[in-house]
Every structure is written in C-alpha cells, then in structure tokens.
Amino acid sequence: MVTGLVGRDLISINDFTNEEVECLFHLADEMRLALRQGKQLELCRGRDMATLFYEPSTRTRGSFERAMHKLGGNVVSFAEAKTTSSAAKGETIADTVRVLEHYADIIVIRHPWAGAAQVAADYARVPVINAGDGSHEHPTQTLCDLYTLRKEKGRIKGLTVVLWGDLKHGRTVHSLVYALVRFGAQPLCCTEPDLYPPEALVERLRTDYDHVLKKIEPRDLSSLIGRGDTDALYIAPFRPFQLRLPDLGLSVPIGDTTGWSKAKKVDAVYVTRLQRERMRTMDNGQAKYLALNDGFWEEIKRKKRTLIMHPLPRVDELPYQIDTYPRSVYFEQAANGVPIRMALTALLLGAREMEVSKTRKGTLLYEKAENRCKAAFGVECSNQSCVSRQESERRYIVSAFNILKREPLVVSCIYCDSEAYPQYFASSEWHQGTLENKRYYPAHSFMKARIRAENLVLFGSEEEAQRRGFHPSKHVAQGA
Amino acid sequence: MVTGLVGRDLISINDFTNEEVECLFHLADEMRLALRQGKQLELCRGRDMATLFYEPSTRTRGSFERAMHKLGGNVVSFAEAKTTSSAAKGETIADTVRVLEHYADIIVIRHPWAGAAQVAADYARVPVINAGDGSHEHPTQTLCDLYTLRKEKGRIKGLTVVLWGDLKHGRTVHSLVYALVRFGAQPLCCTEPDLYPPEALVERLRTDYDHVLKKIEPRDLSSLIGRGDTDALYIAPFRPFQLRLPDLGLSVPIGDTTGWSKAKKVDAVYVTRLQRERMRTMDNGQAKYLALNDGFWEEIKRKKRTLIMHPLPRVDELPYQIDTYPRSVYFEQAANGVPIRMALTALLLGAREMEVSKTRKGTLLYEKAENRCKAAFGVECSNQSCVSRQESERRYIVSAFNILKREPLVVSCIYCDSEAYPQYFASSEWHQGTLENKRYYPAHSFMKARIRAENLVLFGSEEEAQRRGFHPSKHVAQGA
Amino acid sequence: MVTGLVGRDLISINDFTNEEVECLFHLADEMRLALRQGKQLELCRGRDMATLFYEPSTRTRGSFERAMHKLGGNVVSFAEAKTTSSAAKGETIADTVRVLEHYADIIVIRHPWAGAAQVAADYARVPVINAGDGSHEHPTQTLCDLYTLRKEKGRIKGLTVVLWGDLKHGRTVHSLVYALVRFGAQPLCCTEPDLYPPEALVERLRTDYDHVLKKIEPRDLSSLIGRGDTDALYIAPFRPFQLRLPDLGLSVPIGDTTGWSKAKKVDAVYVTRLQRERMRTMDNGQAKYLALNDGFWEEIKRKKRTLIMHPLPRVDELPYQIDTYPRSVYFEQAANGVPIRMALTALLLGAREMEVSKTRKGTLLYEKAENRCKAAFGVECSNQSCVSRQESERRYIVSAFNILKREPLVVSCIYCDSEAYPQYFASSEWHQGTLENKRYYPAHSFMKARIRAENLVLFGSEEEAQRRGFHPSKHVAQGA
C-alpha cells in the first residue's frame, strides 16, 4: 500500500495520480519554507542532474539547476545540445540517454520532437523528467500553474478559472484545462470560436469526468469579472513559443528541427494563415486581444480578486502596466518552479519518501496499457514532429498506438498522443494456427468491435497486411 | 554611519565611493591569501550566482564562476543567452531578471546593449553586477586594473600611468582614466591626436577634480620611460572588442545585436573609416603602434621599472616577446579577477560586512539624482545601441535624462550616459494650475537657467510639447 | 624512485608508461567501487576543473564533469568555446590557457586543431588533459577502451582483438592499435585493403616491439569468431566523427575550423572520394560492412565469447539489435569514462598519490626528447589542421620537429606528429666559428647521418638557409 515516486519518470502530468500530485505539493510547501529561510539542504548530496536541452531555455533550465543546487546536488549542463535529423551527424536519443545515465542520477530533457522524452524514459535506467517535448507536454509547467493557484487561493477544487487566448493550439494549455477539471476546478474558455479547445479534449472531459466544458464570449468577460465570479484569469500566449506544427497544417523541412528556428519560421507563416483563412472571424491576429483593453485592466485592478496568470515569456498579450497589480502572479508562477522542482527531484531520486496508494487505476487518466494495440504495420503518427517519424530514430523506434475511438477507428501515438488512422485491421488470435483464417478487415468494418485492444493488429495498407501473411476478408472485397 | 555593500548593485565603477573601493581591495587581499593557501571558503554556501551572458566571454564569466565556487556557492550559467530585438522572439530584460531573481541570489549580466545592466538592476530584487553592457561600462575590469596597480606598486596615489592606443573609443578606457584621477594617479595620454580621449571626459576631470589631463607625444614616450618617470604603461586595444557604435557614426541594423557579429561587422567598417578620413595623420591603422617597436620593448625591459598592462584579449598591439618581461602584468590583471570578484560577491551578498561611511555625497562622481530631469517626451538617446532605443524594451522603459550642460542644452541618458539634445523645454511648476501658463521654450532659450533639474520637462519636438498641453512661449515664435 | 603523476599533462596515451597506466587502472577500480556504493568523495574539494570545449561533446565533457563532481570538486564549463583563425576576432590558445590557469586547477581541452592540447600544456602551469585535438589524439578514450577490455576479460595481455572498419583514417584507432601491442595484446586488422592502418604505424610496431601487425580478410572473420579465437571485436566508425583532413587530401578553407561544420563538410566530400577513386575495391562506402550482416551477428550472439566494442557515437555500422547481446560493452566503455577520469584527475591534481618508477626511459614510446632537431626554418608540418599552421597561433608558435627517419629524411611535427619533409639541412656545430664553414646540404645527402638530432638544423628552401648565413655545400651544386 505504501510506495513512493522513487525511480519513476514524469513525462505527462497524467503520469501522476491526484494523490501523488497532492503529496508533491505538500513537499513543495516544505521546500518553499526552506528556501525562504535560506536553508541549504543536503538531500541530494553526491547526486548529479543532467539538463539536456536541445532547445534554449532560461526559466526551465534555470529553475531545475537552482533546485538541484539547493538540494545539495550537482548539475551537468547541456544547455545547447543540438539535434540533427540525419544519421551521419548525430546520435539517437536512445544512445544519448544510455550514455548519460552513467553520468547523472536523473535526466531532465527538452527536445523539439514530440515524444522525445518518452523515448528517453524508455531507454534510460535513471528517472527522466520531461521539460518540454515539442508542443506535446510540459508537465512541470502545469504543476507550477496548479501549485500557484492552490497557494494563492488555498485550494484548487471549486475555483473558477477563465482561460483566455489561443486555446486550440499548444497542448500545454490542453493539459492545464484537463488538470483543472481533474482537480475539481471549473475552467471557462474565453476566446474567439475558432480558437476554442479541440473537440477531442471536450469529448475526453465528458467521458472521463462527465464534465461539460463551458465557453464564454469575450464580451461577457468584464461582467463576469465584475460580478466577482472569477478566481483567476489565465492568459495563454497568442503565439505560443512552442507550436505543434501539424495543427497549423504546415510542412516543415525535416532537417529544420531546432525549436528556435522552427518557432521563428512558424511565427511568420502563422500570421499569413490568419490573414488568409480566418479573415471572416477577425480582422487580424491582434484583434482577439482587444477585449483586454486598458479599461478592462483597470476594472480587474479595482476588483482585487482575480488572479492574473501567464506561463511566460509574454509577448504583447499582457501589458506591463498590470505588473504592479498585487494579484498578478505570473512571476510567482515562475518562482514556484524552484520548490516544485526541488520536491519532484527529491521524490524521483528517493531522497525523500512519501506514502501514496499503490493503485493507480481509475485515477490515471489515460489507461494506456489497457488500450495498447498489439502491433501496427505501415501506420504512421499524423504529427510530423513526432519522434517516431524522424529518420534517425526510426532505426530503433517501433511505432505503437492506443485505441482512442473505435467508430470511426482512430488510434493515438504512444509517444506524442497524436491521432493516426489505420486503413485495415486484423486480430492476432482468430486464425488459430490456420493461415487461411488470418484475415484483415477495412477500418470501417464493424468486426473491430469484437477484438480486444491487446489483440488488435493495425495496417496502413493492404500491402502491409499481405506482407505479414494476412488475407483480405470479404469485407475488403465488398469495400472495394 | 556604518553600513556595507549588501544588496547594492555594481553598474558603474562610479557607483562605489573611494572608501568602498578601498575596503573591497582590502577584502580582495584576504581572498588572495586564501586562494594561495588553497583554502575553500564557505561564505556563500547555499547561494547561487546566475551568469547571464548575452555575449561570449571566457575571462569574465570564468573568473566570476571560479570566485563563486571558492566562496562555497553555486552557479547557474547562461553562457549563450541570446538576445533578439523583436518582441515575438524573446523576452525583455526586465522580465528575464524578474524570473531569474528567484533562481539566483546574485545576477552577473553581460549584454550588447548599453544600459542593459542598469535596466536589470532596476527590475531585479537581488544584486546585479555589470559584466559589460555594450561599450558602456565594465566596472569589474577597472577594479582589476586598479587593484593590480596597487598590488604591484603598493599604492595608486601619485603613480604616473601612460595610456597608449585608442583612447577615444571605448568607454572602459574612459572609466579607467577617470578612476585613476579619482584615486590620485596621474594619467598621461599617449596617442595620435585623433585618438585622444573625448573633450567631454577632459572637461569632466577639470570640473570634478580640477585636473588637467596631460597628453604626450608618442615620440616622447621612450625618453619618458628612459627617465624612469613612468610607473605603468597601459596598452589600450587598438580595435577594442566591444565598440560603441555611435562613436563610429555607424548605422547598424537593429536586428544585429549580438556582440560577436557586431564586433566582426564593426572591425571591417572601422578600417574603412580610418582609410578614408584619417589618412592625413597616419598611413593606416597599424601606424599608431609603430612607436612601440622592438627597440622600445628592449628599452622597457632594460629599465625594469614600468609595468606593462593590457585588459586582454590582445590582438597585435602587444608582441609575444614581452610576455617574459617580469613587469608584464597583464596575466596578473586577469588573475586578480578572482580575488576581486570573490570580495565583490561576498560584500554584495552580505556574506562579509565592512564598515564604510554612509554618506556618498561628494565622493560619488555623477550626482545623478540631483540632475535628473522630471520628464522627457520624444527625446531620444543618441546611442543606437542604448537599451532605451530597442523596440522590445520600449514596451516598458521610459527614457530619462540627467542635465549634463545647460549652455547649450545637453542631457545624458540615465541608462548609457550618452548625450541627447532636447529641442524644447518647460517647467513643470510655473503654470500654477493655469493651463495658459504651461509654456514651452526652445532649447537655446536662457529661461532654462531658471528651472531646477527636478522640474525640467524636455521635448523632442513642438508636437510632443503641445500633445502634453503646453503652449509655445514667445521665445518659440521669435526663434521661428 | 617514487613519484606520482601530480602536475603532469596527458596529451597522448604515450605520455604514460605501462606502469603508470596500470596504477591508473588500479585507482579507477577503487573509484568504480565508490560510484557503485553511491559514495561522494572529497578528494578534490575546493578545486576547479575548466572544461574548454571548442567542439561539441556530450560524452567526454559529461563524464569529466561528473568525475569532478564525484571527487567533490567544481567545474567551470566552456561548452561552446569558439575558435577563429583570424587574429582580430579571437585569442590565441596560449593566451587563453594562461588566463584560465588562474581560474581552474586543471584544464580539459577539446579543439579542432591537431596539437592544440600540446600548446595548451606548454603554456599552462596547471595540468592539461587532451580531450581530443582534431584527429590527432584522444587519450582518455583509449584508456577507457583498454580499461573495459581489462575489466571484462580480467587482463589485456594475450588478448586477441579484431579491429574492424576504417583503420586508415583517424589517429585514435592508431593509438588503440599501438596501445594494444604495448600492453601485450594481439590486434588483428580486418578491413578492405585500402583501409588498413598506414605503413608508418606498421613500421613503428616492428621497430618498437618487434611486432608484425596481422591482417585478416573480412570473409575469414566468421570462421575466426566461430573458432572462439577472438576476445573482442572493436568496430571503428566507418566515417569517424573527427577526421584528419590531410589524409583525405582535402583543402578546407582555414576559416572553417569548428569541428562540427568541418565534420559535416567532410562527410560529403568523403563519399565523393570513395565513389570516384575507390570504385574498384568496393561498390560504395557501405559495402565494407556487408560482412557484418544479420547472420554474422546471430553467430556472435551464439558464441557468447567475443566482446563487441565501439567508441560511440555510432552511425550505421552497429545495428540496434545487437544492443541486448550481453557482451556488447560499448555503453560500458562510456560508463567507464567516469572512474577512469576520476582516477586521472585525482592523480594529476595530486589528490591521490601512487608509487611509480621515476624512470620513463624505454617505456615511453616516442623518445621525442632524444630526436628533437635543433631548429627548423621554413619547414612546415604537412597537416593543414595542425595548430602550427594556423595564422593566429603563428604569432608565437615556433615549428619544431623530431627525426622520424633519416633515409629519406622525414621529420615529425612535435605538436601533431604529422610528417614534414625538409629540403635542406645543416649542422649547428660544424662551422666552429668560421662563417665559411656554415654549409647546408640537400635532404638526400648522406652527410645527415653524421649529425646528431640535437645539432640538426632544417630548411624548407635554399633562401631560408642563406638568410641564416649558411652557404651551399658542393652537394647542393651537384644536386642542381
């Protein structure tokens, strides 16, 4: 019944149960007190943290290194780790972490490819913390957001949090929305209709928590704030630093994988897309922020109730005049990165233990293990930035998927959670040794309802199916 | 009466009084002894130093990190911090340091923009040390220079120091000249007429210390050395690594702000300027160093009295054959960086206290607070590399100026000390509530003599004045 | 009779005697145990290591920094030190290390120029460790290779080690071959005829150890493995990360000196060369690895005897399916980097002492001191990447050579060991004060046999000889 987080990885916020997150916050409180008292801890004396950053970072790397120092440990810093897509010029993620596990007791990785942290965790024998893998996950950011809310408001449960800005692109915002519901808060999505969270997230909240995600019109925000109904206003960057490229329908050259240059590139293209295709719902990209004009900020200040939150770095969506408002807590969010990361590091390294229930069933959101398909041939993740689609990593990574939806058949990549659409499927146990019974079916066939995930074999094409010795079922012939 | 340096910033060498510098040197002696004895101190145990370097550095960053380690503290190193001029791609200096103040107990910053360290100090709640802000100031270099002189010669007062090379461009040389006079040494400027220190510095030395800056001809240097009248020869780099662009009359693209590429660029242009406009005084850039030929160095060696100093890195102005001369102390200057920076860090962090007079009046060189103008509208610092002129920083930085001279009206930027030339002015207190009495005057008007700095409002144009509700005085009409 | 390694440098594996290497391994065993037990040592408390990396590195820098941390010391890290070839933009190696010796107690340097580590050692007063100087030497890699062999097999003496891949280019492989013979192992070279080790290495092994280097045909490898005659198979990268440019007959622009871009460049050209000139011996670059097909790996696995070694990073020559084979020890090689570098650092810093014989004669391989020529004028090292040929370093570096062979006259560069071919020579002692007797001789003259190395003066041309006051001997006239 009693276990800790020792030896575990943190790739997604959903890797931890609510109870584990609460324990982590409890320890973070303790760390925060130690920081205030100027105490130097010795919990991680003689331990090394490797910070492996393939993208530039001030905030995240800085707070991890500070955290490790305050725990009495050391840091081996790779602030400018480079990544290349070609086999000849670099080393695969798997090889890099299998070397680094001998040089550090814990690895913190930031990488432009979605799913890269999962690959690192699969291959390293030491704990791996995801410090941002493309636009996939950035769980310690979400932990800081939740912890700040809890610290400022005394609780998370029951809070009303308005999320403002681009809620469609960037999965870190999705993680936050999901986590808020998970911890019993009420997120209100306030943005233009074309920037609302994607239907998949809305659907998932309904399924998992019976929660209907509420939306409000930007023009109603002032009155909402005015009524004192809002505990916090979370400003999502309009142009998130880390974009998920496929969401934008962009095709970027594979060689161009460093986050920085990617971000630059995308910025430019993004604006173009807005101008061309979104013209009907707004005049230009800035239009969406018009509701947050000077008058709005003055009203916020007068009410003195609503927290203003932002993940930073900010661009233009958050004016400097609001910095002095006492409930602007975005720098506190950044400050809380240190105690949160101290607590996390101490727990994963086993330097501190905590009692948590062993069972993770029911609390863990994606019960991935139960939905894992047996095998997939020629099925590709739809995310071009996914680690499973990089030439260099394909030398050892095997694509694998969880069932997301059976009708129509949609699966999700185990590395980056993006969708994939198999064209054909089969069961691995129906043929009972008779080769003639090895049949494959088209994706739309109702037969898939009869196959358990653990027996489901997916194919991207008939050729892939036939190469593995499967024969077309009559459904295939009918479909043709 | 008793206070320390705890919590203070070091942006300019002039931020410290002579007494404070002396105390610092005293503590540096102690640190030097500890280093020699191989002692590991624990004064800064549990403290972190952030080294935030937007430009490459071996010497300065290396000695700060070594210093912090020997004090028992840790370093969070941002060796390759990048800066961008566009809002979309980066974070402002103010935001960066307001985050970093939670990740470190002291911030050391190097930045290509003049005034950037002042902005950092304005926004960070922890001490900030300027490790070079463009070509503005590099105070710890000046401290090393003075400390080396004092250590090698037993004192600074009364020493005769010849400064050789380009004394016109590069404010670090100006800081040194000023500091030498301040500490009672006699600087002798030895260079071509067009590379003498600027008139403003000469004027300031006369005003502040009644000191007439002496110049000597390069051809007289040998005989001066020969007579044994020289305590030290300070070689200023001919092509300083960090150039102040406006001095060269260059217009660089705003996007090109990294020091490294800037330096490269400027090198090329600089040579061009020399060839075109300085042709009359010398054949080419190298000509100025002809006086320091092999014969000269032989004579120096024979005399065994004159220290040879250089801030490093050297280029061609300092031949390798002089390295073995026992009074070549440029590597000692670099070595002294460690005890100086240990002492400085310990004092600013309050890890060591010292008794210094509270009063800073009269000793501090620029009594800026007394000369600060009330407000300025549309007045721009003349230095294109000034932090106040960068698009990204203008979102929060308000230009502000001190009066430098009243006739003609010249003000200096509070960030980078460069000149600015307001076109119009007004008093903030003359109108006594009557809008009709809010009058503005042209810069040449004698009326400015009647306004105290703290009431002086400056305008860059009539439009700016009128937008703030001021009306033209008759002087304006007369001037028109 | 008793001394340690304190204060020594490690530039080449041949700087240490066999006895010293054995002592180092002994201490590494101790360090390895401490690592396993999670012990934090305090041997280097208060000491700083500077890691000065002019080329990117994960493995080498990471393991050095981990090693220093586990010894209780600190690191000042220059992970992205840049190098430039022009005097105006950089600092020479000599100047850099003479500054850094004040900021660190030991310097670890990686540099793209062959011989750069030797220059650093010549100028720094603290120990210097070569972490790779171009394609010249990488001695700590060789130490890890030997240590892994010894640990896995219990000894080095008498082992049979097959070296597979490109054994011609890349001196690190040459170092390994030489070291294997030195420690009594039997290297077998298994590759295409045009990728065998160079004749100079073969010759040297014969001279120094009376060892005839054996070669085997790739097609015979399977049967050799099958007979159980092989203790280890060492896979040398086909396209080594660090190439020695002159071996490829390439002319790279001098400005392009960073290893990364160089490697990229060379990769491309290399392939071209293969296609054009090596077409007769193989179809393309990959052909050479065909022998190591899936069947081969299956057989290796079945035998369970042969270690599989590789210096990493791998490209395509080592398939991922062999990773799970229990005798694949390439990640162990990387892991052993930590105890080896801990032992090395502790010994060079004098934090641990060991008793070794004082005499180095006979054990040290290149008795360079005995073969050092008195002087050389206008003689240039043949290696374009040699530190002695870089414009910036020529301001202080004096080319110098050891005699490699007298007939024909070939000398080797003291920095990078590459060949040079003087055109003329003279003796510094024959003229006995009479200017007329100062004669120079053509390189082919038998007279050189009569001159001891320490008196031998070399010239690149007649002009150089005459400028130094030498007159043509009659041999010169005859030769003309």
* To do: Hey, can you tell me all the residues within the stretch C:301-343 that are out of contact with any Ser or Thr (no Cβ under 8 Å at 6 or more places or on another chain), over 26 Å from C:CYS23 (Cα atoms) and not in a loop (DSSP other than H, G, I, E, B)?
  => C:LYS301, C:ARG302, C:LYS303, C:TYR320, C:GLN321, C:ASP323, C:THR324, C:SER328
* Test A:TYR330 against the stated conditions and say whether it is modelled with pLDDT of 90 or more, under 30 Å from A:PRO237 (Cβ atoms) and open to solvent by less than 70 Å² (accessible area, probe 1.4 Å). => yes
* For the stretch A:104-127, state whether one or more residues are more than 23 Å from the chain's Cα centre (by Cα) and either open to solvent by 10 Å² or more (accessible area, probe 1.4 Å) or at pLDDT 95 or above (or both). => yes
* Structure fact -> Of the residues in the stretch A:383-395, those that are modelled with pLDDT of 95 or more and in a loop (DSSP other than H, G, I, E, B) come to none
* **Exclusive hit being assigned to a loop (DSSP other than H, G, I, E, B) and buried (at least 19 other Cβ atoms within 10 Å of the Cβ), set B:ALA50, B:ALA28, B:ALA81** => B:ALA81
* Restricting the first residue to the stretch A:389-407 and requiring it to be within 15 Å of A:LEU458 (Cβ to Cβ), which pairs with a second residue that is of a type in the set (Lys, Arg) and at pLDDT below 95 meet a Cβ separation below 7 Å and a spacing of at least six or different chains? -> A:ALA400/A:ARG372; A:ASN402/A:LYS368; A:ASN402/A:ARG372; A:ARG406/A:LYS448
* Asked: Is it true that B:ILE129 is closer than 23 Å to B:VAL398 by Cβ and not in a loop (DSSP other than H, G, I, E, B)?
  -> no
* Given the structure, is C:ARG171 open to solvent by 10 Å² or more (accessible area, probe 1.4 Å), over 18 Å from the mean Cα position of the chain (by Cα) and farther than 18 Å from C:LEU318 by Cα? -> no
* Counting only residues that are within 12 Å of C:CYS413 (Cβ to Cβ) and outside any loop (DSSP other than H, G, I, E, B), which one in the stretch C:370-382 is least open to solvent (accessible area, probe 1.4 Å)? -> C:ALA376
* Structure fact -> In the stretch C:442-474, residues that are assigned to a helix (DSSP H, G or I) and open to solvent by 30 Å² or more (accessible area, probe 1.4 Å) total 10
* Asked: Hey, C:VAL410 hits all of (1) out of contact with any Lys or Arg (no Cβ under 8 Å at 6 or more places or on another chain); (2) of a type in the set (A, V, I, L, M, F, W, C); (3) in contact (Cβ under 8 Å) with a residue 24 or more places away in the chain but one; which does it fall short on?
  -> (3)
* Considering only the stretch C:402-426, state which residues are crowded, with 22+ Cβ neighbours inside 10 Å and of a type in the set (Phe, Trp, Tyr). => C:TYR415, C:TYR424, C:PHE425
* Can you name the residue in the stretch C:84-97 that is outside any helix (DSSP H, G or I) and at pLDDT 75 or above and is also nearest to the other protein chains (Cβ to nearest Cβ) among such residues? -> C:GLU91
* Structure fact -> Residue pairs qualifying under the 8 Å Cβ cut-off, at least six apart or on distinct chains, with the first in the stretch C:12-26 being more than 20 Å from C:ALA131 (Cα to Cα) and among the acidic types (Asp, Glu) and the second being open to solvent by 10 Å² or more (accessible area, probe 1.4 Å) and assigned to a loop (DSSP other than H, G, I, E, B), are C:GLU19/C:SER357; C:GLU19/C:THR363
* Being touching a Lys or Arg at 6+ places or on another chain (Cβ under 9 Å) and small (Gly, Ala, Ser) narrows it down to one of B:GLY170, B:GLY154, B:GLY158, so name that one. => B:GLY170
* Structure fact -> By residue number, the members of the stretch A:300-319 that are buried (at least 18 other Cβ atoms within 10 Å of the Cβ) and away from chain B (no Cβ under 14 Å) are A:ILE300, A:THR306, A:LEU307, A:ILE308, A:MET309
* Read through the list (1) modelled with pLDDT of 95 or more; (2) more than 7 Å from every other protein chain (Cβ to nearest Cβ); (3) surrounded by fewer than 19 Cβ atoms within 10 Å (Cβ to Cβ), then give the number of the only condition that C:LEU71 fails. => (3)
* Name every residue in the stretch C:35-68 that is within 14 Å of chain B (Cβ to nearest Cβ), closer than 17 Å to A:ASP105 by Cβ and touching a residue at least 60 places away in the same chain (Cβ under 8 Å), in order of residue number. => C:MET68
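The values are calculated or read from the model by the stated rules, or taken from the named source; none is laboratory data. Predicted, not measured: the structure shown is a model, and the values here were computed from it. All Cβ positions, glycine included, derive from the backbone under ideal geometry; neighbour counts span all protein chains shown. The area values use the complete protein model at the heavy-atom level, side chains included, leaving out ligands, DNA and RNA. Shrake-Rupley method; radii C 1.70, N 1.55, O 1.52, S 1.80 Å.
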